[in-house]
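Q: Quick one: structure below, then a few questions.
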Amino acid sequence: MYRGYVRPEDEVPATDPDIAQAADPSSNEGKEPSTSVQRTVIAVAGSAPYAEEQDDDAARPLPDRLITELTAHRTLALRDALAENPAIAFQAVLHNFVLTAFYRFASSGSCLEIGLRTPNFPAQAPGLRESASAKAVEARHEAWKARLPKRENDLWDALTALDGGAQASLFAHCASFAVNAVYEPANRYNQARVSAHGVRTRLDRADVLARAVGLDMVQAGWKPSVDNYLGRVTKPRILEAVREAKGESSAQLIDHLKKADMAKEAERLLDGSGWLPEPLRLVDPDAAPVGQEGEAGRLPEFLADDEDQENASDDDPHSSTRLNEIKERDGTAVPQ
């Protein structure tokens, strides 16, 4: 310890102007002696440090409430401007639809709150994925996917480059995914996911849309089979289908068969007939209603004893005779 002394290494270099001035007696001539070379700046009202604080306040973000109010004005003005430009409004909706239909990881937020929700089918109907409609939708989707840009940020410019016809086709393709014409059961107390009134309204509006586009389920490729209809309904409904398509005489040819055989023979009889079950028919709003909804027509007398028909033996000689009568008409009878 060097108490009371200053070590050589602690001496301030002579190049320091403040120290040099204090060390030079001539530099202090006419001035009061100073006891310290340390200088302190004291901030008072109106001084420079306060001005710097004001600069900091100017850099702060605007209050959230003020931003909300300003953007409310902008939103209303944008609505008015968009309403005056139908072409841009159409493209804006199309842009929203395409983001949902083609860009799986696209951001969910959008300035246009129009959603494209594709309802799922509650049950996978037999042959649905292999149907002509499913294949056509998939092929159209893949063709558009190849034409659209990879990045969603490039989508607006890509849509602008399309002509009106291409935009309309793409819009229709995307809008089609929102169609829901599926029946859902609802109990009498409307405790299901949807109410009975809601389902009825949905199906009625689906009928309006089907008539507008001229929907024909026969041309769409649907035909009755054991898997999709005949094997899943009662024998009276199987006979009703054959009677409507082929007449009473054809229905009588299979009325004695067990349900499995009846469904199989009915599928063969109905092939190429264009017959459709009621839920697939194009409803004519001007046609007079026939009976109550879901009520089967009155059965003929030969179907009155349904229980006896179910218990009929497979080796009934009359059964074999009538099966051959049916097959002889089509040239498929097997020689005895």
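The values are calculated or read from the model by the stated rules, or taken from the named source; none is laboratory data. All figures in this text were calculated on a predicted structure; none of them were measured in a lab. We place every Cβ from the backbone using ideal geometry, glycine too, and count neighbours over all the protein chains shown.
Q: Could you tell me which numbered condition ARG65 fails, if it satisfies all but one of (1) under 22 Å from ALA181 (Cβ atoms); (2) part of a helix (DSSP H, G or I)?
A: Every condition holds for ARG65 apart from (1).
Q: Something else now. Among the residues of the range 101-117, is any surrounded by 15 or more Cβ atoms within 10 Å (Cβ to Cβ), more than 22 Å from ASP207 (Cα to Cα) and at pLDDT 95 or above?
A: The answer is no; no qualifying residue exists.
Q: I've got another one for you. Among the residues of the range 122-149, write down those that are assigned to a helix (DSSP H, G or I) and of a type outside the set (A, V, I, L, M, F, W, C).
A: SER133, LYS135, GLU138, ARG140, HIS141, GLU142, LYS145, ARG147
Q: Next up: Return the residues of the range 238-269 that are among the aliphatic types (A, V, I, L, M) and in contact with a Gly (Cβ under 7 Å, 6 or more places away or on another chain); say none if nothing qualifies.
A: ALA263
Q: Of everything in the range 129-145 that's more than 20 Å from the chain's Cα centre (by Cα) and not hydroxyl-bearing (Ser, Thr, Tyr), which residue is nearest to MET217 (Cα to Cα)?
A: Ranking the qualifying residues of the range 129-145, first place goes to ALA132.
Q: Restricting to the range 150-176, give me the number of residues that are at pLDDT 95 or above and part of a loop (DSSP other than H, G, I, E, B).
A: 2
Q: Being part of a helix (DSSP H, G or I) and over 26 Å from ARG129 (Cβ atoms) is the filter; apply it to the range 184-204 and report the residue that is modelled with the lowest pLDDT.
A: The residue in question is ALA196.
Q: To continue, here is another question. Just checking, does the range 256-271 include any residue being out of contact with any helix residue (DSSP H, G or I) (no Cβ under 9 Å at 6 or more places or on another chain), exposed (fewer than 15 other Cβ atoms within 10 Å of the Cβ) and at pLDDT 95 or above?
A: Yes - at least one qualifying residue is present in the range 256-271.
Q: How about the range 215-232: which of its residues are without any contact (Cβ under 8 Å) to a residue 12 or more places away in the chain and assigned to a loop (DSSP other than H, G, I, E, B)?
A: GLN219 - this is the single residue of the range 215-232 that is without any contact (Cβ under 8 Å) to a residue 12 or more places away in the chain and assigned to a loop (DSSP other than H, G, I, E, B).
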